[in-house]
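Trainee: Quick one: the structure is below, questions incoming.
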Amino acid sequence: MPWKQFWKRTDRGNDNERRETSPPAPAPDATPSPGLPPHLASAFAERKRPHGSDRSPADDRARRLDTLHRRRLAFLYDVQQGEQAESEDNPWQQRIQLLTDALATVSEDLKHLADAPKPPFHPVPATPISIERVEAGDGATVIFRIGDGRFEYSEDLDWAERGHQIARLDLVHRSGDVAKLVPKDTPPDLRAALQAHLNTSAFVLATDLRDRAQAGEALPERITLADLAKPCPKCGGWMDWRGTCQACAQRAAATKELKREEVRLLDERAAEYEERHRMIERLPLARRRLRDIETEIAALTTGSSA
């Protein structure tokens, strides 16, 4: 016998033995193995669930009643909300009234800001300001004199690592007494305010001088102390070296904030009006759907009891 045919018959015999000895495949409705992944286990359970033809009429009626009862609760809520919105004393109207009162308060605050009295003002002498030094490189320095006072401002550098500058900070007041710049005839109730203004305005001047030097621009030829506290033509307060009036700036910021609050309150009040109108408008449809559902529930309940 050729070796080729011998091995061929032997392989065939082994295949037959394997087929006879292999375990039977599990039945389609067998219980799934506990080691199945969750998505396969849920798919197996869905396959074993009875089809529509396996459900009884009683099961279908119970399921339909459960659905109708849930829908009835939803439309009953819509009816109750609509009837409440139709009444004179309702939550929407109460919230609308509260928002209206808040809007009136905002309007009064805006009027008070517009009619606020002008801030007090006291002039300062035209004492010359002489510029001694302005360095615009790393660690910029600005030095100027006002009368007998010497004022110095310089930067503190922020370093990321040795030899590498990452940020240029604001100037820092190193020397110079601003309190000596306040005129002696200044009323006592204005001394603190005038000193705070001159302190800010001197800082603004030093920053402007540094910025001009960095941009390669010419420095101002003649500066006096009066240039640091000029009267504001709008409110009568003090303006700094660059013409900014802090009183006007604070009033403008407060007005902007009140305007933003006014818009928010108007939007909320409009939303309350819209929601109440929507509840009233859908009330007839909600009542009709509620009656239809209750009629169907009654019919199913009567049929099941029969």
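The values are calculated or read from the model by the stated rules, or taken from the named source; none is laboratory data. Quantities reported herein were computed from a predicted structural model and do not represent experimental measurements. Methodologically, a virtual Cβ is constructed for each residue, glycine included, from the backbone with ideal geometry; neighbour enumeration extends over all protein chains shown. All accessible areas refer to the heavy atoms of the entire protein, side chains included, with ligands and DNA or RNA removed. Shrake-Rupley method; radii C 1.70, N 1.55, O 1.52, S 1.80 Å.
Trainee: Looking at C248, is it within 30 Å of A116 (Cα to Cα) and in contact with a Lys or Arg (Cβ under 8 Å, 6 or more places away or on another chain)? Write out each step before concluding.
Mentor: Working: within 30 Å of A116 (Cα to Cα): yes; in contact with a Lys or Arg (Cβ under 8 Å, 6 or more places away or on another chain): yes.
Yes; evaluated as a whole, the condition is true for this residue.
Trainee: Next question. Only one of R287, R276, R260 is assigned to a helix (DSSP H, G or I), farther than 30 Å from R210 by Cβ and within 24 Å of the chain's Cα centre (by Cα). Can you tell me which? Steps first, please.
Mentor: Details: R287 fails: within 24 Å of the chain's Cα centre (by Cα); R276 fails: within 24 Å of the chain's Cα centre (by Cα).
Of the residues listed, the single one that is assigned to a helix (DSSP H, G or I), farther than 30 Å from R210 by Cβ and within 24 Å of the chain's Cα centre (by Cα) is R260.
Trainee: Related question: Can you pull out every residue in region 85-113 that is touching a residue at least 40 places away in the same chain (Cβ under 8 Å), open to solvent by less than 80 Å² (accessible area, probe 1.4 Å) and more than 21 Å from D267 (Cα to Cα)?
Mentor: Pass one, region 85-113, residues touching a residue at least 40 places away in the same chain (Cβ under 8 Å): 85-86, 90, 92-93, 95-96, 99-100, 102-103, 106-107, 109-110, 113.
Checking which are open to solvent by less than 80 Å² (accessible area, probe 1.4 Å) leaves us with 85, 90, 92-93, 96, 99-100, 102-103, 106-107, 109-110, 113.
Selection gives L113 alone.
Table: residues versus (1) within 17 Å of A193 (Cα to Cα); (2) not basic (K, R).
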| position | (1), (2) |
| --- | --- |
| Q250 | yes, yes |
| K256 | no, no |
| E274 | no, yes |
| E281 | no, yes |
| R289 | no, no |
| D292 | no, yes |
| A298 | no, yes |
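Trainee: I've got another one for you. Take the residues in region 124-139 that are open to solvent by less than 60 Å² (accessible area, probe 1.4 Å) and of a type in the set (A, V, I, L, M), then tell me which one is nearest to the chain's Cα centre (by Cα).
Mentor: A136
Condition check ((1) in a helix (DSSP H, G or I); (2) modelled with pLDDT of 95 or more) across all residues:
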residue	(1), (2)
E217	no, no
D227	yes, yes
C235	no, no
R251	yes, no
K256	yes, yes
L266	yes, yes
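Trainee: Restricting attention to region 257-269, does a residue exist that is among the β-branched types (V, I, T) and loosely packed, with under 12 Cβ neighbours inside 10 Å? Let's see the steps before the verdict.
Mentor: So the first thing to find is which residues in region 257-269 are among the β-branched types (V, I, T), and the list is 263.
Next, only the ones that are loosely packed, with under 12 Cβ neighbours inside 10 Å stay: 263.
Scanning region 257-269 turns up at least one residue that is among the β-branched types (V, I, T) and loosely packed, with under 12 Cβ neighbours inside 10 Å.
Trainee: Which of the residues that make up region 90-108 are among the aliphatic types (A, V, I, L, M) and either in contact with a strand residue (DSSP E or B) (Cβ under 8 Å, 6 or more places away or on another chain) or more than 12 Å from L258 (Cα to Cα) (or both)?
Mentor: So the first thing to find is which residues in region 90-108 are among the aliphatic types (A, V, I, L, M), and the list is 96, 98-99, 102-104, 106.
Scanning region 90-108 gives I96, L98, L99.
Trainee: Tell me the residue from K180, K184 that is open to solvent by 60 Å² or more (accessible area, probe 1.4 Å), among the basic types (K, R) and not in a loop (DSSP other than H, G, I, E, B), please.
Mentor: Working: K184 fails: not in a loop (DSSP other than H, G, I, E, B).
The match here is K180.
Trainee: Right, here's the next one. Count, please, the residues in region 202-229 that happen to be within 13 Å of V124 (Cα to Cα), small (G, A, S) and in contact with a Phe, Trp or Tyr (Cβ under 6 Å, 6 or more places away or on another chain).
Mentor: Adding up the residues that qualify gives 1.
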